[in-house]
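The values are calculated or read from the model by the stated rules, or taken from the named source; none is laboratory data. Nothing here was measured: the structure is a model prediction, and the numbers come from that model. Backbone-built Cβ (ideal geometry, glycine too); neighbour counts: all protein chains shown. Calculation scope for accessible area: heavy atoms of the full protein, side chains included, ligands and nucleic acids excluded. Shrake-Rupley method; radii C 1.70, N 1.55, O 1.52, S 1.80 Å.
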Amino acid sequence: MSRTREDSAVRHSEAIGRMAVVIMAAGKGTRLKSKRPKVLHEIGGRPLLSHVIAAAGRVVAPNDIYVVIGHQAERVREAVAATGVGFVEQTEQRGTGHAIQCARPAIAGYEHVLVLSGDVPLIRTETIEDLWRFHQAERAAMTILTAIPEDPTGYGRVLRRSPDSPEVEAIVEQKALAAGQHDLREINSGIYAFRVAPLLEHLDKLTNQNAHKEFYLTDMAGLLGAAGERVVATLSTVAAEVLGANTIAELVALDATMRRETASRLMAAGVTIYRPETCVIDAEVEIEPDTVIEPFVQLLGRTRIGGDCLIRSYTVIENCKVGSNVLVRQGCVMAESTVEDGARIGPYAHLRPGSEIGQDAHVGNFVETKKARLGKGAKANHLTYLGDAEVGEGTNVGAGVITCNYDGVNKFRTKIGKGVFVGSDSTLVAPLTVEDGAYIGAGSCITMDVPAGALALGRSRQVTKEGWVAARKAQQQEKR
Ligand code: UD1
Ligand code: CA
């Protein structure tokens, strides 16, 4: 989307006037059989509800958005509070109609209200805008967004007055379908625009005489029509965007759709993604052109990757900032870290949170870093642990080196200067400073600071006993 959220919100608040958005998100999601409330289940790496709020936020300002919460209300509120939306409590979940009854005080001051479902996350801003335009042009009291999906089972069906008429007679829920109504293919998306005055005037006429003993918002279609108000429907051209997530299978299908779209967006922007169906790329990930992503890569959270990178298979990168020209070989795990231009990572490297890998630095196989900064061109190529450490420019950390940062109670830092040579299999016991240009002999256990340019050895001297093997054999023969 090229418009910024701010531009769009301003443009629309002028055009739309006093319009509120209510997002129904109080339900438990019984069909998911999960401890987590339905609207906090994720697709594309973000909760369902966050996607709906984002779509609404491109149409009205956040303080005109009201989320109806109920089941695990505090958890839901906390998850999206940062967006600045308002909340309405529906303490008992007595149906979608009851959810809007609970929102009555919030919407009373508005001219129109757009109702969205917290579990219909793929809805596009363009479709919301089209719905709004249609609602205005039709001067309707209620406008229903509909779709014709491949399988309409489970959805409410829209009964038009005649096949070509925009006017709707009623919405019939799946369980209430009469014998002849099962072939009705046009479904109710659960997304509506209402003029607030007629909605509130007739809202209390809803009853719960139905299969679920709930107050259905869908019954407003019949009620408003009976009161002489205009009720119309507009068909979404993209059926997939109004599908709901009521079961795990539906969630997984929506997740796949969203990730396919993310991969397409990135490929259109010049990124090569081989076998995109095998990659897991979250909705907010950004990648610059000429980067190649191999099969079975996961790019999660707010990960940013520069151009001309190669990310090889089985790598998982979460919330990282990766520069350009970076090679990440197979099987790396990287989280909350930064990697600067030209660096080489892996195979099988583990960058834990707070790792900062400098320009052209190398982090090789079976190397783990945590809160560690490697300067420009620094290398730790094999079998190393660098925790709470600083490694200066051009320093070489030999195979099997370990920073001992933890004494069982506290963590301490290891500071290694520029151009240092740390011999293989050394242990560096923190707190420790190794100054620029120092050398550490292989196999050392270093417990004291090393001044610039010094050689430090922290190991016992080798003892060589000439002829020892033959002497022992002779001794053993004598004993027999
Ligand atoms: C609803 C519609 C159905 C439509 C479908 C589209 C009704 C009666 N039916 O069915 O016609 O085809 O959506 O996806 O509206 N919620 C509350 N409070 C409640 C109950 C639900 O806030 O008391 C919220 C839920 O959290 C959910 C949304 O409303 O986000 C829809 O509820 P859900 O139970 O999923 O309705 P459906 O059976 O899918
Ligand atoms: Ca639903």
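Within the option set GLY394, GLY443, GLY400, being out of contact with any Gly (no Cβ under 8 Å at 6 or more places or on another chain) and in a loop (DSSP other than H, G, I, E, B) holds for one residue only, GLY400. The set of residues in region 117-134 being within 16 Å of ligand 1 (Cβ to nearest atom) and of a type outside the set (D, E, K, R) consists of SER117, GLY118, VAL120, PRO121, LEU122, ILE123, THR127, ILE128, LEU131.
Residues in region 153-171 that are open to solvent by less than 20 Å² (accessible area, probe 1.4 Å) and of a type outside the set (Gly, Ala, Ser): ARG157, VAL158, VAL168, ILE171. The residues on offer are THR237, THR247, THR207, and the sole one that is β-branched (Val, Ile, Thr), outside the structural domain of HIS51 (by TED's automatic domain parsing) and either without any contact (Cβ under 8 Å) to a residue 60 or more places away in the chain or in contact with a helix residue (DSSP H, G or I) (Cβ under 9 Å, 6 or more places away or on another chain) (or both) is THR247. Within region 432-479, restricting attention to residues that are farther than 21 Å from ALA399 by Cα and of a type in the set (Lys, Arg), the residue that is least open to solvent (accessible area, probe 1.4 Å) is ARG472.
Among the residues of region 315-325, those that are crowded, with 21+ Cβ neighbours inside 10 Å and under 21 Å from THR278 (Cβ atoms) comprise THR315, ILE317, CYS320, VAL322. Only one of the numbered conditions (1) touching a strand residue (DSSP E or B) at 6+ places or on another chain (Cβ under 9 Å); (2) open to solvent by 30 Å² or more (accessible area, probe 1.4 Å); (3) free of Cβ contacts under 8 Å to residues at least 40 places away in the same chain is violated by ILE311, and that is (2).
Summed over region 204-256, the residues that are within 16 Å of ligand 2 (Cβ to nearest atom) and among the β-branched types (Val, Ile, Thr) give a count of 5. Number of residues in region 28-50 that are touching a Leu at 6+ places or on another chain (Cβ under 8 Å) and more than 13 Å from ligand 2 (Cβ to nearest atom) equals 5. If the condition is being without any contact (Cβ under 8 Å) to a residue 40 or more places away in the chain and more than 18 Å from LYS38 (Cβ to Cβ), then region 86-101 contributes only GLY86.
Of all residues in region 363-374, which are of a type outside the set (A, V, I, L, M, F, W, C) and closer than 16 Å to LYS321 by Cα? Hits for region 363-374 are THR369, LYS370, LYS371, ARG373. Evaluate the following for ALA268: is it open to solvent by 40 Å² or more (accessible area, probe 1.4 Å) and aliphatic (A, V, I, L, M)? When the stated conditions are applied, ALA268 passes them.
From the list GLY441, GLY408, the one residue that fits, being more than 30 Å from VAL326 (Cα to Cα) and out of contact with any strand residue (DSSP E or B) (no Cβ under 9 Å at 6 or more places or on another chain), is GLY408. Residues that are within 11 Å of VAL22 (Cα to Cα) number at least 2 in the following helices (runs of 4 or more DSSP H) confined to region 39-129: 48-57, 96-102, 104-107. Flag not set for GLU466, criterion: over 19 Å from ALA378 (Cβ atoms), at pLDDT below 95 and acidic (Asp, Glu). When GLU111, GLU74 are checked against the criterion of being at pLDDT 95 or above and away from ligand 1 (no atom under 16 Å from the Cβ), GLU111 stands alone in meeting it.
Looking at region 420-432, is at least one residue among the hydroxyl-bearing types (Ser, Thr, Tyr) and within 35 Å of the chain's Cα centre (by Cα)? No, that holds for no residue. Within region 170-200, the residues that satisfy the criterion of being outside any strand (DSSP E or B) and more than 12 Å from ligand 1 (Cβ to nearest atom) are ALA178, ALA179, GLY180, GLN181, HIS182, ASP183, ARG185, VAL196, ALA197, PRO198, LEU199, LEU200. Residues that are under 29 Å from the mean Cα position of the chain (by Cα) and more than 14 Å from ligand 1 (Cβ to nearest atom) do occur in region 144-155, at least one of them.
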